[in-house]
1. How about region 248-277: which chymotrypsin sites (Phe, Trp or Tyr not before Pro) there are in a DSSP loop, with at most 12 other Cβ atoms within 10 Å of their Cβ?
2. Contour minus end-to-end for residue 284 and residue 146, with contour as 0.36 nm per residue of separation and end-to-end as the Cα-Cα distance?
3. Using a 1.4 Å probe, how large is the accessible area of residue 285, given in Å² and rounded to the nearest 10?
4. Rounded to the nearest 10 Å², what accessible area does residue 31 have for a 1.4 Å probe in the complete protein model?
5. Given H placed on each backbone N at 1.01 Å, which residues far from residue 16 in sequence or on other chains put an amide H within less than 5 Å of it?
6. Contour minus end-to-end for residue 109 and residue 170, with contour as 0.36 nm per residue of separation and end-to-end as the Cα-Cα distance?
7. 5 Å is the cut-off here: which amide hydrogens, built 1.01 Å from N in the peptide plane, fall below it relative to residue 116, excluding neighbours closer than 5 in sequence?
8. Treating cross-link reach as a plain straight distance, find the lysines whose alpha-carbon is under 29 Å from the alpha-carbon of residue 49, omitting any fewer than eight places away in the same chain.
Amino acid sequence: KALASAHRPRYTHMIAPPADAFALTIAALQCMNLLAFANEKKSPTPYSKFAHDDAKAKIPSRWGMLLIYGPAFAAALYCAATAPQLNGRELLVASLLALHFGKRVAEVLGLHKYSGSVQAAASGFIGFFYALVVLLICSQQHKVPASLYAQRPSSTSLALGLCLFALGEAGNLYHHALLARLRNPREQVHTAAAVSATPSTADALAAPPAAPPARQYTLPRGGMFELVTMPHYFFELVAWLGIALVAQQANALLVFAGMVSYLSGRAVATTQWYMGKFGKSWPASRRHIVPFLF
């Protein structure tokens, strides 16, 4: 036994490389996603502030956001329910993904305030992509050698990853709550205006309906909004980094890198959008997504 143990190959990497030709092919495709920054900066994916008003086949924003996060949540729950126990982290990684997307679904249902609509095709595409991300990470997770997790540095990676995941999800939720609060006063003003404008005379009843009030935007304040345009994106990336450190596999790390590219480009586009809305009122010292750096 001692001789066999001496000749047993030790896993010397902290990140498991793609385990087979399929995983290597997927990793190559994931590298293409690293170019998302340029596309999002120039032409952001049409949802939220960047939804196209003239787009066809639109659905209410709440349903659109559920279409974005719901499939990934369902996929993560399935992966958690069917996770094998080969290296000891399959269930943990699937559970982290379920927590991440489950939180987003809960926010859509109980936190965020919606008033517009989104393009159904765009929401469906993003939802399909997120579900594929979950299935990719979970399908490759059971191929990570158990010997990798037996190394002492892997315990540090696990602890750090779980801490980052918790911090990222908490920070993301906190700043989503700050954004949700911005909409309450405006909704009250619009409701009061609608009540006061209710027609009460024959002339008023015969008049054409008034145009709906223009959507108003408030400068985000509080928390890390004082430092960056999109602090909730920053914390989402912290959470994805945590997942990658727990998984310790190349595909999960490339997912994190792709998210960095995608959300960074979208953050730049959002800063430009805010500057166009607020002009000189926009704080020039605010970065896009990373405090003091970018």
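The values are calculated or read from the model by the stated rules, or taken from the named source; none is laboratory data. Here the structure is a predicted model, which is why all the values come from computation and not from measurement. FYI the Cβ positions are ideal-geometry reconstructions off the backbone, even for glycines, and counts take in every protein chain you see. The accessibility values were calculated without ligands, DNA or RNA, using every heavy atom of the protein model including side chains. Shrake-Rupley method; radii C 1.70, N 1.55, O 1.52, S 1.80 Å.
1. Numbers: sites: 256, 262, 273, 274; in loops: none.
For chymotrypsin sites (Phe, Trp or Tyr not before Pro) across region 248-277 that sit outside H, G, I, E and B with at most 12 neighbouring Cβ atoms in 10 Å, the list is empty.
2. Extra length from residue 284 to residue 146 when fully extended: 44.7 nm.
3. Rounded to the nearest 10, the figure is 90 Å².
4. 60
5. Here 249, 250 satisfy the definition.
6. On the way: separation 61, 0.36 × 61 = 21.96 nm, distance 1.76 nm.
Between residue 109 and residue 170, full extension yields an extra 20.2 nm.
7. Under 5 Å from the amide H of residue 116 lie the amide H atoms of 61, each far enough along the sequence or on another chain.
8. Residue 49 reaches 41, 58, 103, 113, 277, 280.
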